[in-house]
Amino acid sequence: MNKNISIHGLLKILIYISIVFSILSISLVSFSPIFFIGIVLVFIGIIQDFKSKYLPRIVVNTIAVISVVIVFATSFNITALFDFAKNIIVTFLGIKSLEKKQPRDVYQILILETMGMGIVGVATTDIKFFAMVIFWILISIFIFLTTNISKSLKDEKLSKYHIKMMSYTVGAISFGTILIGLFIFLMIPRIQSPLINIGIGGISNTVGFSNTLSPSNATNVLENTATVFRIFNIKGNINLQDAYFIGDTLDYFNGVSWTHKHRARGSKLLTGKKISYDIMIEPSYDNTLFGILFPYNVKIYKSRAIAHITDDYTIRTDKPIVNRTVYRVWSYYTKDYKQTLENPKDFLQLPNSIDPSIVKLANFLKTQNQNPIKAVEDYFKSEHFAYSLSNKASKNFLYDFLFKYKVGNCEAYASSTALLLRLMGIPARVVVGFHGAFYNKDGHYYFVTNSLAHSWVEAYYKGMWQTVDTTPTDYTATIPKLSKLRMFLDYINYLWDINVVYYSSARQKYLLESAFKNIKHIAEKGTTYLFYISIFTIVLYFAFKKIRLMFSIKAMYKDICEKLKMDCIQCTPENVPEFIAENGFKNFFNIYIKAKYSKYGIDKKETTLAKAYYKDTLRAIKEFKNGYYQHLNQ
């Protein structure tokens, strides 16, 4: 027996699916405890609709007033209007759940959900938002269509056939809506920067990079494989898997941590191989951008933020990076540059107290090699220092690292190297950033994760700032390997960002020019393409027809009529030869008529029988034709 649902029952199910989906979507951006008010009200609304017992209007109004007052009292803040907007939308969705779902209420729910999706769109540009929008379009059109049908059908039951027809209509309208939206997106002229930079930020990222360095407090952020930035559109030959991406320089050491206080002053001469590249960075919520040693020029795309190169060849912005940002960098690919340093004392600063053993070690290393940098590097190698992801807790960390444990991460090596060089009279500073990059074969681009966060030293020797990295080279073996799935998912996000989020007027022009060139090329090669397209279309047609015959009773009926060379009006058991009618067609026709005209449709058993009768009919047609022609030949 068929289980049919009323039009109002279907509408309620769709409404609650859309409400739950909207609340989940908003929660993915940021969850607030205030959401529980809306969630509880939605739950009460579901129980009401299931039992068809509703709270009195005065009770609903009282709950609404109390809920709104609580939301205002606990979350209204002029500096955080978007958080307040999320809270109020979820609460209002809960309040509307308590009502009887008249068309007016349904339209108000759809308006609230539209506002909710707008909030989600402002807060995230991830490809997940695209999937959310597609689903939301489908469910919203389904609700809108069902609401309007319910006005005429009232409490009439829906058959599978009705629901199927509604689904086809929703699919067609949704597909058309998406196509029109895509056309508008591709064709409408673009602006070079956003009209309003709201600054909500994209997906928050726990970045391994920090503007301070405290080796004794090191964490295992290096095990985090979240993407920090991607590198693409590279001009120039460079091995990015061994490149250093500079973030900041740290010159002041208090004995525990390194921070930035001074820039190196004096005329500079930077030479080397020129390279340029684009970087797409995740929100970092600070003013630091990254570039390959050593950047000399930078340009940010589609942003009101302004970036500049500092005297230390780091990249800074005038506004924090709160959204995914794409910028182009020009660098001299080298590990040293000349400078007439005017403030060397700033890079010889020492903490108030240093363990005498460290001072003694620095004096000893002075005598081991005329080149103090080489002396420090040789010391770490000869003493067989090892690498670990985290440093051991210690009150006198550098002493324990140099003389007791001889095991630590890059922060320990950079900190101790800079201190030893300063004790040897060599100006030095710690540099923090990233070392190396992963190559994505799917998208042909590089990307950097938190696991590649690194620190090293720049030492001023013989009039040049030189890159010094004493961290054992085998530390790369500790970097987590990325799976093919992880690579592919990163590629999907990359495609979304490049082709949607940062779809600029320049890219629009490029795509249109490419399209016109391809059209011209197709026109020149038209005959060949047309032949292959025709073959493909024919194969696709017969394949589709075969598949359709497997599932559609209407297609089976049409196929029988074609084989009998009759139109669908004449193709009835009364008008076909009796042999065919009695051997399958009559039974098939009865099921076909029921499927076409009955509001209850047909069940699985009848569908299976129809397929069997269809095969019997085809067999009967074949036998009848063979017998008929044999009779003619006799």
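Label sites at Lys261 and Thr607, each approximated as a point 7 angstrom past Cα along Cα to Cβ, lie 7.8 nm apart. A cut-off under 13 angstrom between Cβ atoms defines the neighbours of Lys235, and their net charge, with Lys, Arg +1 and Asp, Glu -1, is +2. The distance between label points at Ala226 and Lys622 comes to 6.4 nm (points 7 Å beyond Cα on the Cα→Cβ vector). Measuring nothing but protein heavy atoms, the accessible surface of the range 415-481 at 1.4 Å probe radius is 54 percent carbon and sulfur.
Quote the FRET efficiency, to the nearest 0.05, computed for Ile47 versus Asp355 with a Förster distance R0 of 56 Å and r equal to the Cβ-Cβ distance. E between Ile47 and Asp355, to the nearest 0.05, is 0.20. Sorting Leu350, Leu269 on solvent-accessible area from highest to lowest, probe radius 1.4 Å, gives Leu269, Leu350.
Exposure check, 1.4 Å probe, all protein chains in place: Met487 carries approximately 40 Å² of accessible surface.
Cross-link partners for Lys484 among the aspartates and glutamates, with Cα-Cα distance under 17 Å and sequence neighbours closer than 8 places in the same chain left out: Asp442. When Arg263, Arg230 are compared by accessible surface with a 1.4 Å probe, the order from highest to lowest is Arg263, Arg230.
Listed cross-link partners Lys554/Lys586; Lys12/Lys554; Lys345/Lys462; Lys261/Lys360 are compared with a 20 Å cut-off, the Cα-Cα value being larger for Lys12/Lys554; Lys261/Lys360. Our summary of shape: the Cα atoms of the range 320-430 have principal axis extents of 47, 36, 29 Å, ordered from largest down, in whole angstrom.
What pairs from Lys558/Lys625; Lys235/Lys268; Lys101/Lys128 go past 23 Å between their alpha carbons? Listed pairs above 23 Å: Lys235/Lys268; Lys101/Lys128. If R0 is 51 Å, the Cβ-Cβ spacing of Thr271 and Val133 corresponds to a FRET efficiency of close to 0.55. The alpha-carbon of Lys622 sits under 18 angstrom from the alpha-carbons of these aspartates and glutamates, leaving out residues fewer than 8 places away in its chain: Asp559, Glu562, Glu578, Glu582. Would you please name the GluC sites (Glu not before Pro) within the range 363-452 that are DSSP coil residues with at most 11 other C-beta atoms within 10 Å of their C-beta? Taking the range 363-452 and a limit of 11 other Cβ atoms within 10 Å, the loop GluC sites (Glu not before Pro) found are Glu383.
The values are calculated or read from the model by the stated rules, or taken from the named source; none is laboratory data. Quick caveat, the model's predicted, so the values are computed rather than measured. Glycine also receives a Cβ, built like all others from the backbone with ideal geometry; neighbour counts cover every protein chain displayed. In case anyone asks, the SASA skips ligands and DNA or RNA and just uses the protein heavy atoms, side chains included. Shrake-Rupley method; radii C 1.70, N 1.55, O 1.52, S 1.80 Å.
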